[in-house]
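Down below is the structure, laid out as structure tokens.
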Amino acid sequence: MTKRQFGTLVVLVMISGLVGGALAGRLLPAPARADSPKSITAGAFYLAGEDGRLQAALLGGPGGEPSLVFFDQAGKVSTFVGRRSDGRPALMLYDQAGVIRTLLALEAEGHPSFSLYDDKGDVRAILGSVSTETRSMGVKRRRPEGSLMLFADTGRISFEEPDVWTK
């Protein structure tokens, strides 16, 4: 093969490659593209890590109340942000045993409260407006938003300010 024949062959191969590529683009259908949806409707979304473990969930609750739940390495709930079954908003933090330890919520009529719990899930302190009731008389009173209550192991109030029962 001479240099001229080789040069002609190279040029023909290049031209046929260009023509073949152009024809393939016109004759073959383009790959399907997914249109970006403007909205997605679902009852729940779950987020799993690379290892397949559940990390978070965006849920519509049993009463239709939305919530965002985060899970720890063991798969137990660690954080809840959403609406409780009564429709009131709340932020709840749980320990490694899955026991609630902190609750920030809006109570009835939108009154805020912040509660701390022990490792058994028993309330130990409440800051904010809450309703309390005397066991002996059954009298219910709403505490003002600046109230602080501390509870003993027995569940009885060990400290309260202001003391709404004596005032």
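Of all the residues in the range 39-49, those that are assigned to a loop (DSSP other than H, G, I, E, B) and either touching a strand residue (DSSP E or B) at 6+ places or on another chain (Cβ under 7 Å) or within 17 Å of F70 (Cβ to Cβ) (or both) number 2.
Of the residues making up the range 60-77, those that are more than 27 Å from E145 (Cα to Cα) and buried (at least 17 other Cβ atoms within 10 Å of the Cβ) are V69, F71.
If the condition is being loosely packed, with under 13 Cβ neighbours inside 10 Å and touching a Gly at 6+ places or on another chain (Cβ under 9 Å), then the range 78-121 contributes S85, D86, G87. Restricted to the range 79-167, the set of strands (runs of 3 or more DSSP E) holding at least 2 residues that are modelled with pLDDT of 90 or more and of a type outside the set (V, I, T) comprises 89-94, 100-106, 112-117, 123-128.
The values are calculated or read from the model by the stated rules, or taken from the named source; none is laboratory data. Keep in mind that this is a model prediction, so the values were computed, not measured. Positions of Cβ are generated from backbone atoms using ideal geometry, with glycine treated the same way; all protein chains shown enter the neighbour counts.
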